[in-house]
Amino acid sequence: MSEATERPAGAPDASNASVHEVDARGLLCPLPVIRAQDAAGTLAPGGLLDVFATDPGTLHDIPAWCAVHGHRVVGTWRERGDIRIRIEVCET
Amino acid sequence: MMQKKAVALISGGLDSMLAAKVVMEEGVHVEGLNFYTGFCVEGHTHAIRARHQARPKRNNALWVAQQLGIKLHIIDVSEQYKDIVLRPKHGYGQHLNPCLDCKIFMVNKALAWGFMDANGFDFVITGEVIGQRPKSQRKATMPIIAKESGADDLLLRPLCAKRLAPTKPEREGWVDRARLHGFEGRSRKPQMALAAQLGFTDYAQPAGGCCFLTDAAYAAKLSDLWQARGERDYDLDDIMLLKVGRHVRPARHYKLIVGREAGENRFLEGYRKRFLHLRMVDVEGPLALIDGAPSRGDVRLAARVLARYSQGRDAAQVGVSAHHTNGVTEALQVVPLPASEIPRAWHV
Ligand code: SF4
């Protein structure tokens, strides 16, 4: 499992307009995975997706979901108690 | 021959994992489907309870997909699934588990998903074993599931296929029937032997069923909800809240949901805007949501119940604040209800 770290310098900046955002805060797994999956399905390869969640299970499940679909986890961060996972949609 | 494609129902347990693997060994391209019904045992209590937070539980279906090296699509069917839970044509199992209708529903959904033009699958596989479950997995129910789901002979059960009539994938030679299995009965030994043969050493062994509807305590809470409301209905929040806290019903028209520990209190906080809720004022204590339409007197009684679960349980009087959904906060002074005055019947 990749452990989220406190937001390091150089972590993505929320104002990045080309990143698609999914708000899965307050949802329990597997709903955040389903939300991420549905959003990823609308993006072309190379598209970036930020998933915001509160269930720590997402730190395990979203990377696992990415692994089976061949998407890339760019990074995971903790921001004010929220978990943020950035995914790059890849050709699968 | 073009490589055939099968969509596999993946629950996260051993049987569906083996079924998928057996068909993969036949050179078939397999992808997994997992349905989110709202009652899945995956994760939830784990995610809610504070003491589990440091070590989040894996999602078994995703884990199985990783072991198999296949894609797994998780589909939210919670809305449509209500009809299965509320009106199962074939009735319930031991508790409120509508297993036979549930299987028919899932195979039907898998078929619809797999046969969409964009997906282009050829058949559906499940990990069913004849006689494994007394109600839903019997020899007589196998053809019912195939027929009523609409899958007919495009539904292959690799673990017990040899005991059933040949399906199209077998007849057409997409898979070799001789290499499928003929498991029957409640024993888990054949599955464990096959797991060893296929090189699987780690797998989940669900004890009862794959969902909360097979759980006696959960089913009792769901029945209580229906009884209290005078109708059989629920929404996703209802069924999530049934998984959390202590449910105390002093009267038919309202109940308290009291957090049992920090993680549950945090989870219940997420619902505070939608429910009348009670908090202890000067002493430590849990949060309680009130579901229903209590009178003023009921709110006082509820506050006394909450006080019983707080650090102030032995005090002569304690302060409780009642937060109404219209934003009004009411300050109450109450005598904690002694444990002996909370009838057993109130505990749902
Ligand atoms: S245990 Fe639950 S998920 Fe499994 S078949 Fe029965 S109703 Fe469906």
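The values are calculated or read from the model by the stated rules, or taken from the named source; none is laboratory data. As the structure is a computational prediction, the values presented were derived from the model and not from experiment. With ideal geometry, Cβ positions are generated from the backbone for all residues, glycine too; neighbour counts draw on all protein chains shown. Areas reflect the complete protein model, heavy atoms only, side chains present, ligands, DNA and RNA absent. Shrake-Rupley method; radii C 1.70, N 1.55, O 1.52, S 1.80 Å.
Compare A:E21, B:E330, B:E264 by solvent-accessible area with a 1.4 Å probe and give them largest first, with all protein chains kept in place. Intermediate values should be presented prior to the final figure.
Working: A:E21 95, B:E330 40, B:E264 0 Å².
The residues order as A:E21, B:E330, B:E264, largest area first.
Note the buried accessible area between A and B here, summed over both chains, with a 1.4 Å probe, in Å² to the nearest 100.
Buried area between the two chains comes out at roughly 1700 Å².
Using the crude model of +1 on Lys and Arg Cβ and -1 on Asp and Glu Cβ, and no other charge, please compute the dipole size for the protein assembly as shown relative to its Cα centre, in debye to 20. Mind dumping the intermediate values first?
Working: 57 positive and 50 negative charges, 303 e Å.
Taking the Cα centre of the protein assembly as shown as origin, the dipole is about 1460 debye.
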Note down the net charge around B:L278, summing +1 for each Lys or Arg and -1 for each Asp or Glu among other residues with Cβ under 11 Å from its Cβ.
+3
Summed residue charge, Cβ within 13 Å of B:C99's Cβ, Lys/Arg positive, Asp/Glu negative:
+3
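Using a 1.4 Å probe, what is the accessible area per residue for the range A:18-88, in Å²?
Numbers: 2460 Å² over 71 residues.
That works out to 35 Å² for each residue.
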When we measure straight from the Cα of B:K189, which aspartates and glutamates land under 12 angstrom away, once same-chain ones fewer than 8 places off are left out?
B:D15
Rel. contact order, % - alpha carbon contacts under 8 angstrom, at least six apart, chain B:
15 percent
Between A:A67 and B:M192, how many nm apart are label points set 7 Å from Cα along the C-beta direction?
2.6 nm
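Could you calculate the FRET efficiency of B:N326 with B:A251 from 1/(1 + (r/R0)^6), where r is the beta carbon distance between them and R0 is 30 Å, rounded to 0.05?
Numbers: r = 22 Å, r/R0 = 0.74.
Plugging the Cβ-Cβ distance into 1/(1 + (r/R0)^6) gives 0.85.
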Cross-link partners of B:K89 among lysines (Cα-Cα below 27 Å; sequence separation of 8 or more within a chain):
B:K103, B:K109, B:K135, B:K139, B:K147, B:K221, B:K243
Quick one: ranking B:H247, B:H73 by accessible area, 1.4 Å probe, largest first, what do you get?
B:H73, B:H247
The simple spin-label model distance between B:R177 and A:R80, using points 7 Å out along Cα→Cβ, in nm, is 6.4 nm
13 Å beta-carbon shell around B:E31, net charge (K/R +1, D/E -1)
+2
Just read off the accessible area of B:K89 with the full protein assembly in place, 1.4 Å probe, to the nearest 10 Å².
150 Å²
Exposure ranking of B:S78, B:S11 by accessible area [1.4 Å probe, largest first]
B:S11, B:S78
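Given R₀ = 30 Å, what would the calculated FRET efficiency be for B:D233 paired with B:A345, taking r from the Cβ atoms and rounding to 0.05?
Numbers: r = 24 Å, r/R0 = 0.79.
Efficiency for this residue pair is about 0.80.
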A drop of at least 10 square angstrom in accessible area, chain alone versus all protein chains together, probe 1.4 Å. Which residues of the range A:40-79 meet that?
A:D55, A:P56, A:G57, A:H60, A:D61, A:A64, A:W65, A:A67, A:V68, A:H69
Once all protein chains are kept in place, B:S223 shows an accessible area at probe 1.4 Å, nearest 10 Å², of 50 Å²
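Leaving out ligands, DNA and RNA, what percent of the accessible area of the range B:5-212 is carbon and sulfur, probe 1.4 Å? Working shown, then result.
Numbers: 4440 of 8650 Å².
Percent of accessible area from carbon and sulfur atoms in the range B:5-212: 51.
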